[in-house]
Amino acid sequence: MIILKPKLLFYPSINVANVFAKETDVLTQLQQGKLNEALILWQPDEPTLVLPSGNKWQASEALNEQLMAQGWQLYSRKTGGAPVPQVPGVINVSHMYVWDEKEPYSIPQAYQSFCNKLADFFAFYDVQVDIHATEFSYCDGDYNLNILGKKVVGTAQRVVLKNGGGKVVLAQACILINADIEAIIKPVNTCYKYHQQDQSVRAEVHTCLAEHIEQQASIEEYFQKLVKAFS
């Protein structure tokens, strides 16, 4: 049996479109059996609102102009969920791996495993997190990580088929490190209003890791701690 080493990619500052292209390329390598696991850690280089596909959320020139006036780029992506703000100060995790064929695939099990690894990252800073939905948070879900009831990480997951059989899991997380919460929810609410959605998101239900640690770390240190958590 050939044992393949995990692929590790680090991007302290990268354009959203570029990193998603790299993610797609790595995912293809896993589908082709060239890799068994990969971890991409990245931070966006400029404020960008990532808009999911579907009838509920549609990009347009009018929306793009509204966001540009606020200093935000707009990027549409073929995913589910809700609009996600990406800014420097948010660390993204993309963990891709081949699901063990000996076990039936389980969405809760895959999410729980992913969240446990993320919880290990926070444990390095003596910060305890809980896993649950967070009402009025952006892109809410049952597998948010929360500190004292406030959302600090949002997660998502999808599965693609591996060539020749089997499944490849792509798990993603957005970690609020030291972002300006008020600033990042503004474009999200602009998007909600533009699409005539009743709901809106609130700043006070979010928090950043920096608010719970005495000393801010470098982006490189955060990346190193995440690699340890996923090792």
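Restricting to the range 1-133, compute how many DSSP beta bridges are antiparallel as a %, nearest 5. Working shown, then result.
Details: 9 of 20 bridges.
In the range 1-133, DSSP labels about 45 percent of beta bridges as antiparallel.
With one equal scatterer per alpha carbon and no solvent term, the Debye-computed log10 I(q)/I(0) for the range 85-143 at 0.17, 0.26, 0.30 1/Å reads -0.78, -1.30, -1.30. The residues of the chain expose on average 50 square angstrom of accessible surface per residue, using a 1.4 Å probe on protein heavy atoms.
Counting DSSP beta bridges with both partners in the range 98-231, what percentage is antiparallel, nearest 5?
So the antiparallel bridges amount to about 95 percent of the total.
What the Kirkwood sum gives for the range 106-215 is a hydrodynamic radius of 15.2 Å, with every pair of different alpha carbons counted. Once you have the Kirkwood Rh of the range 20-70 from its Cα pairs, apply Stokes-Einstein at 37 °C and 0.692 mPa s and quote D in µm²/s. D = 236 µm²/s. Computed from the C-beta positions of Ala17 and Ala133 and an R0 of 35 Å, the FRET efficiency is 0.75 to the nearest 0.05. Listed by chain and number, the aspartates and glutamates placed with their C-alpha closer than 16 angstrom to that of Lys78 are Glu23, Asp25; residues fewer than eight positions away on the same chain are left out. Taking all protein chains as shown and a probe of 1.4 angstrom, Lys117 keeps an accessible surface of around 50 Å². So which residue, out of Lys102, Lys78, Lys56, gets the largest mean-square fluctuation from a GNM of the chain using Cα contacts under 10 Å as springs? Looking only at Lys102, Lys78, Lys56, the largest GNM fluctuation is found for Lys102. Looking at the chain alone, DSSP beta bridges between its own residues are antiparallel in about 75 percent of cases. Highest mobility in the GNM of the chain, judged by mean-square fluctuation with C-alpha springs under 10 Å and restricted to Tyr138, Tyr194, Tyr97, is found for Tyr194. What the Cα atoms of the chain give is an Rg and a Dmax of 17.4, 55 Å.
Only protein heavy atoms count here; under a 1.4 Å probe, Arg202 has an accessible surface of about 100 Å².
When the Gaussian network model of the chain links Cα atoms closer than 10 Å, the mean-square fluctuations of Ala133, Ala156, Ala62 top out at Ala62.
The sum of -39500 (n - 2.57) across all DSSP H runs of n ≥ 4, divided by the residue count of the chain, sets its helix-only mean residue ellipticity at 222 nm to -9500 deg cm²/dmol. Computed from phi, the 3J(HN,Hα) profile of the range 92-99 under the Karplus parametrisation 6.51, -1.76, 1.60 (θ = phi - 60°) reads 9, 10, 10, 10, 10, 7, 7, 5 Hz, with x in place of Gly and Pro.
Bridgeable lysines around Lys7 (alpha carbons under 22 Å apart, same-chain partners fewer than 8 residues away excluded): Lys22, Lys34, Lys117, Lys162, Lys167, Lys225, Lys228. Across the chain, the relative contact order, built from alpha-carbon pairs under 8 Å that are at least six residues apart, equals 21 percent. Inverting the pair-averaged 1/r between distinct Cα atoms of the range 150-198 gives 13.9 Å as its Kirkwood hydrodynamic radius.
The values are calculated or read from the model by the stated rules, or taken from the named source; none is laboratory data. Bear in mind that the values here come from a model prediction, so they are computed numbers and not experimental data. Heads up, the Cβs are rebuilt from the backbone with ideal geometry, glycines too, and the neighbour counts pull from every protein chain shown. In case anyone asks, the SASA skips ligands and DNA or RNA and just uses the protein heavy atoms, side chains included. Shrake-Rupley method; radii C 1.70, N 1.55, O 1.52, S 1.80 Å.
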